[in-house]
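Notes for the one structure printed next.
The values are calculated or read from the model by the stated rules, or taken from the named source; none is laboratory data. The structure presented is a predicted model; accordingly, all values stated were derived computationally and were not measured. Note that we place each Cβ from the backbone using ideal geometry, even for glycine, and neighbour counts take in every protein chain shown.
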Amino acid sequence: MEHLISLHDLSTEDFESILKLAEKLKRQQKEGVPHHLLKGKTLGMIFTKSSTRTRVSFEVGMYQLGGYPLFLSSNDIQLGRGETIYDTAQVLSRYIDGIMIRTFAHSDVEDLARYGNVPVINGLTDLMHPCQILADLFTIYEHKGTLKGLKLAYIGDGNNIAHSLLHGCAKVGMDIAVASPKGYQCDSQIISEAQEDAKASGSNILLTEDPEEAIKDADVVYTDTWVSMGQEDEKEERIKLFMPYQINSNLFSKAQEDAIFLHCLPAYRGYEVTEDVIDGSQSVIFDEAENRLHVQKAIMALLMGNR
């Protein structure tokens, strides 16, 4: 593993290494055991999209690993204001040990990895969100004790979360059902990649417009906001279209009795999910949010530790 750009690029061994190290680092943190695996290392964090969990978890994580996190907003660097990605990647590679970027265009992440000489981590693009889904898989493993053979139902927009869930579930042998309204389904290339991975792992993929079909017998229920950054002008139209996909107690009851609820946050109660579900006893959203820290520490340590 040279970079973390797409979960489709990772091997089964990569997933195991990340999750096992995350488990170890989380235990060490809880026990107060120092784990300065990146002492003297610097991570450049490029943000062209604002963030709460991504910025805080990477910044705190790098500090806990003994390294230095360097926050670079679009106002701080020349990327996107005339300087090419090639030049930016070449220059940053002379200064720092790794790059995390949270941005719009997925091609920007790919180009940074192509032209630079340091590991690149995809902190989010409009196409994928691999760090979030690795934290989700870790959370599911903590609560269920396994991944292979479980069923995850994702109800909502076929967005970057849905894409990386397809990749991640297919890689680890989890069944996944995605329910989205017509016109808002997942990208066809992502689906093809996931189907390829599912054949290798023995998992099943269901794509439907029917949320009840998707959620039936699910061990994990997942949703995301209906209106992502950059889609604010579509808000009223999206709310009307997606309301039948709301995770409420009636729909949630069609999952397994011990199903857990996940949401990558921020959540909009009363829209994609009702309060009784997201704040209920089967919701593990704050464990999920915390695990961004532990999983990303594992990712950084594995990518940057040997440099």
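Residues that are hydrophobic (A, V, I, L, M, F, W, C) and assigned to a helix (DSSP H, G or I) were ranked within segment 192-217; the one that is surrounded by the fewest Cβ atoms within 10 Å (Cβ to Cβ) is ALA200.
If you check HIS8 against the conditions, is it on the phi < 0 side of the Ramachandran plot, assigned to a loop (DSSP other than H, G, I, E, B) and modelled with pLDDT of 95 or more?
Taking the combined requirement at face value, the residue does not satisfy it.
Can ILE46 be described as over 18 Å from the mean Cα position of the chain (by Cα) and not acidic (Asp, Glu)? Judged against the criteria, ILE46 is not a match.
Filtered by the rule that a residue be more than 25 Å from ILE239 (Cα to Cα) and out of contact with any helix residue (DSSP H, G or I) (no Cβ under 7 Å at 6 or more places or on another chain), segment 147-174 gives GLY149, LYS151, CYS169, MET174.
Every listed requirement among (1) outside any helix (DSSP H, G or I); (2) under 21 Å from GLY168 (Cα atoms); (3) in contact with a helix residue (DSSP H, G or I) (Cβ under 9 Å, 6 or more places away or on another chain) is met by VAL227 save one, (2).
Conditions (1) surrounded by 15 or more Cβ atoms within 10 Å (Cβ to Cβ); (2) touching a residue at least 12 places away in the same chain (Cβ under 8 Å); (3) under 25 Å from PRO266 (Cβ atoms), marked per residue:
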| site | (1), (2), (3) |
| --- | --- |
| HIS3 | yes, yes, no |
| ALA22 | yes, yes, yes |
| GLY32 | no, no, no |
| LYS41 | yes, yes, no |
| LEU65 | yes, yes, no |
| GLU83 | no, no, no |
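Inspect all residues belonging to segment 155-167 and state whether any of them is in contact with a Cys (Cβ under 6 Å, 6 or more places away or on another chain), outside any helix (DSSP H, G or I) and surrounded by 14 or more Cβ atoms within 10 Å (Cβ to Cβ). Looking for residues that are in contact with a Cys (Cβ under 6 Å, 6 or more places away or on another chain), outside any helix (DSSP H, G or I) and surrounded by 14 or more Cβ atoms within 10 Å (Cβ to Cβ), one finds at least one in segment 155-167, hence yes. Evaluate the following for GLU16: is it of a type in the set (Asp, Glu), under 27 Å from PHE104 (Cα atoms) and surrounded by fewer than 20 Cβ atoms within 10 Å (Cβ to Cβ)? For GLU16, the condition - of a type in the set (Asp, Glu), under 27 Å from PHE104 (Cα atoms) and surrounded by fewer than 20 Cβ atoms within 10 Å (Cβ to Cβ) - is not met. Checking VAL295, VAL221, VAL277 one by one, the residue that is touching a helix residue (DSSP H, G or I) at 6+ places or on another chain (Cβ under 7 Å), assigned by TED's automatic domain parsing to the domain that holds ILE18 and crowded, with 18+ Cβ neighbours inside 10 Å is VAL295 and no other. Scanning segment 271-307 for residues that are within 18 Å of the chain's Cα centre (by Cα) and without any contact (Cβ under 8 Å) to a residue 12 or more places away in the chain gives PHE286, GLU290.
The residue list ASN291, ASN306 contains one member that is within 25 Å of GLY67 (Cβ to Cβ) and assigned to a loop (DSSP other than H, G, I, E, B), which is ASN306.
Taken together, TYR86, TYR154, TYR95, TYR115 contain a single residue that is hydroxyl-bearing (Ser, Thr, Tyr) and touching a Leu at 6+ places or on another chain (Cβ under 6 Å), which is TYR154. Within the bounds of segment 50-58, is there any residue that is among the hydroxyl-bearing types (Ser, Thr, Tyr), surrounded by 21 or more Cβ atoms within 10 Å (Cβ to Cβ) and either touching a residue at least 24 places away in the same chain (Cβ under 8 Å) or part of a loop (DSSP other than H, G, I, E, B) (or both)? Yes, segment 50-58 contains at least one residue that is among the hydroxyl-bearing types (Ser, Thr, Tyr), surrounded by 21 or more Cβ atoms within 10 Å (Cβ to Cβ) and either touching a residue at least 24 places away in the same chain (Cβ under 8 Å) or part of a loop (DSSP other than H, G, I, E, B) (or both). If only residues of segment 168-191 that are in a loop (DSSP other than H, G, I, E, B) and of a type outside the set (D, E, K, R) are counted, the one that is surrounded by the fewest Cβ atoms within 10 Å (Cβ to Cβ) is GLY183.
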